[in-house]
Structure formats: structure tokens, C-alpha cells
2 protein chains.
Amino acid sequence: MDNCEAVLKLFLEAVQANMSSVEKKEDIYEIPVGVSNRHVHLSQADVNCLFGDAYQMTKIKDLSQPGQYACKETVTICGPKGAIEKVRVLGPVRSKTQVEVLVGDSFKLGVASPIRLSGDLHGTPGITLVGPKGSVQITEGLVVAQRHIHMNCEDAKRLGVQDGQVVSIEVDGPRGGIYNNVAIRSNDTSVLEFHVDTEEANAMSINSLSKIKIIK
Amino acid sequence: MDNCEAVLKLFLEAVQANMSSVEKKEDIYEIPVGVSNRHVHLSQADVNCLFGDAYQMTKIKDLSQPGQYACKETVTICGPKGAIEKVRVLGPVRSKTQVEVLVGDSFKLGVASPIRLSGDLHGTPGITLVGPKGSVQITEGLVVAQRHIHMNCEDAKRLGVQDGQVVSIEVDGPRGGIYNNVAIRSNDTSVLEFHVDTEEANAMSINSLSKIKIIK
């Protein structure tokens with residue numbers, strides 16, 4: 001009887017050890033997903049116009065990328081065909097204002113918005129922003145974000161990719177498929193995350209709990 | 001001089017003939033795209049509750065599939081977390097009410113909506129619909145549409161597919177990629193068209209002017 005119990009105990013321990021090793025096993029090629037809704041990055045000059053002179057934004061939530069955060073403040077985006085209210089401002093301030101909308105938003109606004117990586121604003125259309133203290137009409141800066149993967153240089157090495165490279169991402173499930181033209185954005189400080197907007201995430205039924213893998 | 005003019009005329013005719021043959025050349029594997037926004041199909045019983053006894057819907061626009069049309073009437077969809085106003089009713093009436101929403105809508109409503117083909121409503125969640133004369137709480141019928149291609153039997157033969165088969169679709173361009181799990185829906189009367197919802201279309205930057213091809 002004692003023997004039998006001892007064997008049972010050893011057996012249970014072995015099963016449990018095995019289970020926890022399965023749970024702990026990380027797939028080094030899995031990449032977390034970050035889903036962005038429409039949002040605005042503002043220059044300090046435009047902050048002053050929209051919210052008042054020398055106004056400082058109020059951080060409400062840190063984002064996954066170091067130093068980036070969501071602010072309490074929102075603005076209205078106005079185009080020739082329509083307006084979109086309560087668009088979140090992200091901090092910190094940037095040298096140039098950049099408005100990132102969904103493809104569906106650009107139909108509503110009535111302005112065709114090119115697909116661009118953040119910061120690549122040359123030749124993009126302008127738009128009007130309205131805040132509680134005034135409005136600004138930017139001459140360029142309206143974009144739809146190109147899907148991309150942030151990572152640090154160690155991640156890039158492990159995943160076998162380089163900053164600026166374009167890869168594809170495969171998604172499983174009933175709305176699965178492949179996203180092409182996914183840009184790698186790698187530097188010393190970034191945190192590993194695949195960034196898509198809400199329309200792209202919903203089209204493939206992925207969310208911020210999903211993990212994806214690169215296919216080249 | 002006459003000769004020169006004659007040669008020039010012949011040359012111009014040849015160029016024009018060549019251009020029109022290029023314009024006329026159809027790719028027999030290209031499929032038109034239809035983009036659907038959220039919409040509702042109603043049973044006559046639910047029409048009576050929402051719009052009044054024996055109410056008849058008013059057609060405002062024929063849709064691409066024979067006999068299907070958009071109605072003047074709209075309803076509000078209400079879930080535990082939120083409501084969506086002005087949701088278009090499509091006709092004619094059906095035996096069962098079916099509410100087709102976007103993935104983003106199901107977050108707003110607060111009801112997880114399974115991805116289903118039209119008519120496959122078993123086990124789907126219910127939702128509340130509100131019209132000008134009353135409301136109904138359906139016990140099932142809330143779905144996100146599974147992407148599919150309508151076609152007649154000749155199209156299916158030419159494209160080498162069968163009713164019920166699941167294929168993939170490749171899209172080019174800066175937001176290109178592949179949609180998997182695209183269902184073939186073929187019968188005697190359907191018109192060839194790839195149906196996606198607005199989120200799926202925007203995620204790949206396709207619209208109702210796009211043409212796509214099947215990859216298996």
C-alpha cells in the first residue's frame with residue numbers, strides 16, 4: 001500500500017512537472033499584437049493653438065513603446081465631407097503634427113489618406129483639427145499607418161530580420177490569412193510588438209491577446 | 001503626300017484597333033468585389049413589431065444579387081454595452097431575422113458575434129432591435145459575415161471550384177495580403193461577386209472597383 005501511494009505520488013509529480021514545463025515553454029518566434037485606433041501626435045505649436053499657450057498634456061496611460069503615452073485630451077478631426085470627434089492625443093509632443101486615421105475614417109472625412117510609416121509625412125494631405133481653445137489647419141500629416149513590427153536589435157537578430165525590411169505575417173483562425181508589406185522597425189529601445197489598426201485587427205479577428213509569427 | 005497621309009491613317013487605325021483590343025480583353029479569372037456595411041434582414045413578424053402591422057418595406061436600391069435590395073428603413077441595434085443607430089434593412093423579408101455586424105460593432109454592443117455564413121444562425125447570440133413602432137429581442141441571429149464568393153454554376157465550372165468549397169484570395173498593393181477561409185456559394189441564379197465587410201475591405205485597401213483572384 002505504501003509502495004502504491006509512493007508510486008502514485010511520483011507519478012503525479014512527474015505529470016505536474018511536465019505540465020508546468022509545457023506552460024513555461026515560450027515560443028521565441030511569437031510576437032505580441034498591439035491594436036491602434038485613430039489618434040493624433042501634436043507639435044507644441046499646435047498644442048498651443050488647440051489647448052492654449054504653453055499647455056501641457058495630461059498622461060493617463062503608458063503605451064507599450066517606452067516614453068509613449070495616451071493623454072486625457074482629445075481633438076475633433078474635420079474634413080470636407082465629415083468630422084470625427086473625440087480622437088485621442090498621444091504624447092509626448094513631436095516636431096510635426098501627425099494624424100493617423102483608419103481607411104474608413106478617410107472616407108468619412110472625404111480625404112484620401114496614403115499608407116505611410118510614422119514620420120514619413122512628405123506629400124501627405126492636410127486636415128483641420130479642432131480643440132477647446134482653437135483650431136489648426138495642418139498642410140500635411142494625415143496618414144493611414146502602414147502595419148509594422150517594433151523590436152530591439154536583439155529581437156531582430158533572433159528573428160533574423162533587419163530594420164527597414166518588409167515581411168509577411170500569417171494569422172490562423174476562421175478569419176485567418178496573411179498580411180503582406182509589414183515593415184520591421186528595429187532600434188535599441190523598442191519593445192517587441194506587431195502594430196495594426198482596428199480595421200486590420202478586426203478583418204483577421206486578432207486582438208491585443210493574440211500572438212503572431214513572421215513568414216518571409 | 002497622299003501616300004504619307006494614307007500610311008499615317010493606316011498606322012493610326014492599327015494603333016486604335018490594338019488599343020481597343022487591349023481594353024476589351026477580359027481576364028476570365030477576375031472577380032468583382034462587393035463591400036457590405038452592417039445590415040439587418042427581418043422576418044415579417046419582426047417587421048410588424050418594429051414598423052407596424054403588415055408594414056411593407058420601401059425598396060431604394062437593387063443589390064447585385066438578384067431579388068435583393070436595400071430598403072429606406074433603418075433600425076437601432078442595442079446590446080448590453082452600447083447601441084448602433086441607422087442600421088440599414090435589406091429586403092425581401094426572410095423566414096428568420098438575421099443581424100450582420102462588424103467585429104468592431106460587436107465590441108461596441110458588448111456581444112461576441114460568431115463568424116457565420118448567411119442563414120447559419122444555430123447557436124448564435126440574440127440582440128435587441130428598435131424601430132419606430134416598437135422593439136424585438138431576438139433570441140438568436142447576431143453574426144459577423146464569413147467572407148464568401150457568390151457565383152452561378154457556370155462561373156464555378158470556369159473557376160474550377162464547387163459550392164461549399166473554401167478558398168483563399170490574394171490581394172496586391174501596399175496593404176495587400178491573403179484572405180483565407182473564403183466560402184464558395186454557387187447556385188443557378190447568383191451573380192459573381194466576392195463579399196467582404198467594410199473592415200475586411202479597408203484592412204486590405206480594396207473597394208467595389210477592385211477585382212480579385214482565387215488562389216487555392
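Observations, loosely collected:
- Sorted shortest first, the distances from the residue B:66 label point to those of the same residue in the other copies are 6.5 nm; each point sits 7 Å from Cα along Cα-to-Cβ.
- Applied to the range B:96-113, the Karplus parametrisation 6.51 cos²θ - 1.76 cosθ + 1.60 on θ = phi - 60° returns per-residue 3J(HN,Hα) values of 10, 6, 9, 10, 9, 10, 7, 4, x, 5, 5, 5, 5, 6, x, 10, 5, 10 Hz, with x for Gly and Pro.
- Accessible area buried at the B-A interface, both sides summed, 1.4 Å probe (Å², nearest 100): 1900 Å²
- Counting only DSSP beta bridges whose two residues both lie in the protein assembly as shown, roughly 70 percent are antiparallel.
- Residues of the protein assembly as shown: accessible area per residue with a 1.4 Å probe, Å²: 54 Å²
- Accessible surface ranking that places the most exposed of B:124, B:189, B:198 first, with a 1.4 angstrom probe: B:189, B:198, B:124
- Distance (nanometres) between label positions extended 7 Å along Cα→Cβ at residue B:152 and residue A:69: 6.4 nm
- Placed amide H near residue B:34: partners under 5 Å, 5+ positions off or other chain: B:194, B:195, B:196
- Legend: distances between Cα atoms for A:108/B:72; A:86/B:213; A:81/B:86; A:59/B:81; B:61/B:133; A:86/B:72; pairs beyond 28 Å are A:86/B:213; A:86/B:72.
- Those residues of the range A:124-138 whose amide nitrogen sits under 13 Å from the label point placed on residue A:45, 7 Å along Cα→Cβ: A:136-138
- Of all beta bridges that DSSP places with both ends in the range A:24-90, some 75 percent have antiparallel geometry.
- Apportionment of accessible area to carbon and sulfur, the protein assembly as shown, percent (1.4 Å): 53 percent
- Anisotropy class of the protein assembly as shown from Cα gyration tensor, a/c 1.5 cut: rounded
- DSSP-assigned coil residues among trypsin sites (Lys or Arg not before Pro) in the range B:76-107, each with at most 12 further Cβ atoms within 10 Å: B:81
- Distance between the modelled labels on residue B:95 and residue B:56, one decimal in nanometres: 2.4 nm (7 Å Cα→Cβ projection).
- With Cα atoms, 0 to 90° folded angle of helix B:2-24 axis to chain B main axis: 30 degrees
- Qualifying aspartates and glutamates (Cα of each under 15 Å from Cα of residue A:96; at least 8 residues distant if same chain): A:46, A:120, A:140
- The string of couplings for the range A:201-209 from the Karplus curve (6.51, -1.76, 1.60, θ = phi - 60°) is 5, 5, 4, 10, 6, 10, 8, 6, 9 Hz, one whole number per residue in order, with x for Gly and Pro.
- The range B:57-216: antiparallel DSSP beta bridges as a percent of all, rounded to 5: 75 percent
The values are calculated or read from the model by the stated rules, or taken from the named source; none is laboratory data. The model shown is predicted, which means the values in this text are computed figures rather than measured ones. Cβ atoms come from the backbone with ideal geometry, glycine included; neighbour counts cover every protein chain shown. SASA here: full protein model, heavy atoms, side chains in, ligands and nucleic acids out. Shrake-Rupley method; radii C 1.70, N 1.55, O 1.52, S 1.80 Å.
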